[in-house]
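The values are calculated or read from the model by the stated rules, or taken from the named source; none is laboratory data. All values reported here derive from a predicted model rather than from experimental measurement. Cβ atoms come from the backbone with ideal geometry, glycine included; neighbour counts cover every protein chain shown. These accessible areas exclude ligands, DNA and RNA; they are computed on the full protein's heavy atoms, side chains included. Shrake-Rupley method; radii C 1.70, N 1.55, O 1.52, S 1.80 Å.
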Amino acid sequence: MKNGKEVKRMKEQALEYLSGDTLLNIDMIECIRRGLCDILYAGSGGVLIKARGSDAYMLSCDSAGAALQITAGHDIDLLVLHQVEQKAEVCEALGLCAGDECFQGAYTRKEPLHESGADIRCLDESFAKRIIEAYDMYEPEHIRTLLERRLMYGVFDNGELAGFVGWHDEGSQGMLHVFPEYRRRGFAEALERRLINIDLSRGYTPFGQLFIWNDASRRLQEKLGMDFADGHICWLWKEKE
C-alpha cells in the first residue's frame, strides 16, 4: 500500500502530465481532483487511473507502445483512451473493441449560468422505472445506484417528469434525455445549466463527452459556453462471451 507521500507525488505527477492538454484530459484531471479514482501509474510517458465504483480505466499517454507498457498487468474490460490514433494497436493487444469517438468538453469559466426558473429536482429511486424504460444505454442496476447516490436530476412540467440528466462515476455530466412530448421547450438546456452550476458551486470544472456525430448536442454545449479539445477520446471495451 502506498504511503501518503507516494500518493501525493503520484497525484502531482499525474496532474503535471495531464495538464499538457487540459481539455483533452479534463475527465482524468477532474476525477483525480475530486478523489473519485485510484492512480495506477503516473510518469513522464503517461497516466493510468481507475474510477472507483466502476470498471472504467482511463489512459492518456505518448504512444501505443507506452500504452501497452502502462496497462501491462491490469485486467482491463473497459478503457477510456485519450489518443485515438493508438486505438487499433491497443484494441488488438488488450482484446478490446472500439466505440465511436467522442468530443471532450468543459465549462472553464468561473461565472455561474443564468437559470430560467424551471422546476428541477434531485431524483430518487421512485423514478427508476420511468428512467430505465426511456434510457437503455446503462444497466437498470446502474441507474438505480445513481439514483440512490442522488446523482440524477429531473425537470418537471406541471408535476410530471419531462426529462433527466446526471453525473457518471468519474464526474462527467451525461445521460441527458427529454421525453419526446416535452422536446423543443428548453428543458435540455435548463437541466444542463443546473448541473453546470452545481459543479461550479462545489469548486469543480463541469465537463462531459458527446459523440462526434451528435451535432445538435455540440451546438447546445457551445451555446452554454463549453470549450472543446482538438483531439477526441474513445471508449474501448471487451465483448462479453
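Scanning the range 194-211 for residues that are touching a strand residue (DSSP E or B) at 6+ places or on another chain (Cβ under 9 Å) and surrounded by 15 or more Cβ atoms within 10 Å (Cβ to Cβ) gives Arg194, Leu195, Ile196, Ile198, Asp199, Thr205, Pro206, Phe207, Gly208, Gln209, Leu210. Count of the range 141-185 residues, restricted to those that are over 24 Å from Leu200 (Cα atoms) and open to solvent by 60 Å² or more (accessible area, probe 1.4 Å), is 9. When the range 174-192 is examined, which residues are found to be in contact with a strand residue (DSSP E or B) (Cβ under 9 Å, 6 or more places away or on another chain), part of a helix (DSSP H, G or I) and not hydrophobic (A, V, I, L, M, F, W, C)? Correct list: Glu181, Tyr182, Glu192. The residues of the range 212-222 that are surrounded by fewer than 14 Cβ atoms within 10 Å (Cβ to Cβ) and not in a loop (DSSP other than H, G, I, E, B), listed by number, are Asp215, Ala216, Arg219, Glu222.
Within the range 1-51, the set of residues being open to solvent by less than 30 Å² (accessible area, probe 1.4 Å), assigned to a helix (DSSP H, G or I) and out of contact with any Leu (no Cβ under 6 Å at 6 or more places or on another chain) comprises Met10, Ala14, Leu18, Ile26, Asp27, Glu30, Cys31, Ile32.
For first residues located in the range 130-149 and under 15 Å from Ser54 (Cα atoms), partners that are open to solvent by 50 Å² or more (accessible area, probe 1.4 Å) and lie 6+ apart or on another chain with Cβ distances below 7 Å form the pairs Arg144/Glu125. Here Tyr138, Tyr57 are screened, and the one residue that is open to solvent by less than 80 Å² (accessible area, probe 1.4 Å) and either under 26 Å from Gly225 (Cα atoms) or in a loop (DSSP other than H, G, I, E, B) (or both) is Tyr138.
Of the candidates Ser60, Ser116, the single residue that is over 23 Å from Glu12 (Cα atoms) and among the hydroxyl-bearing types (Ser, Thr, Tyr) is Ser116.
Considering only residues in the range 208-232 that are among the aliphatic types (A, V, I, L, M) and touching a Ser or Thr at 6+ places or on another chain (Cβ under 9 Å), the one that is farthest from Gln86 (Cα to Cα) turns out to be Met226.
Against the test of being assigned to a strand (DSSP E or B) and of a type outside the set (A, V, I, L, M, F, W, C), the options Gly163, Gly171 yield a single qualifying residue, Gly163.
Here Arg121 clears all of (1) open to solvent by 40 Å² or more (accessible area, probe 1.4 Å); (2) touching a residue at least 40 places away in the same chain (Cβ under 8 Å); (3) assigned to a strand (DSSP E or B) except the condition numbered (2). Buried (at least 17 other Cβ atoms within 10 Å of the Cβ) and among the acidic types (Asp, Glu) - does that describe any residue in the range 223-235? Among the residues of the range 223-235, not one is buried (at least 17 other Cβ atoms within 10 Å of the Cβ) and among the acidic types (Asp, Glu), which makes the answer no. If you filter the range 80-108 down to residues that are open to solvent by 30 Å² or more (accessible area, probe 1.4 Å) and under 19 Å from Trp167 (Cβ atoms), you find that the one that is nearest to the chain's Cα centre (by Cα) is Phe103.
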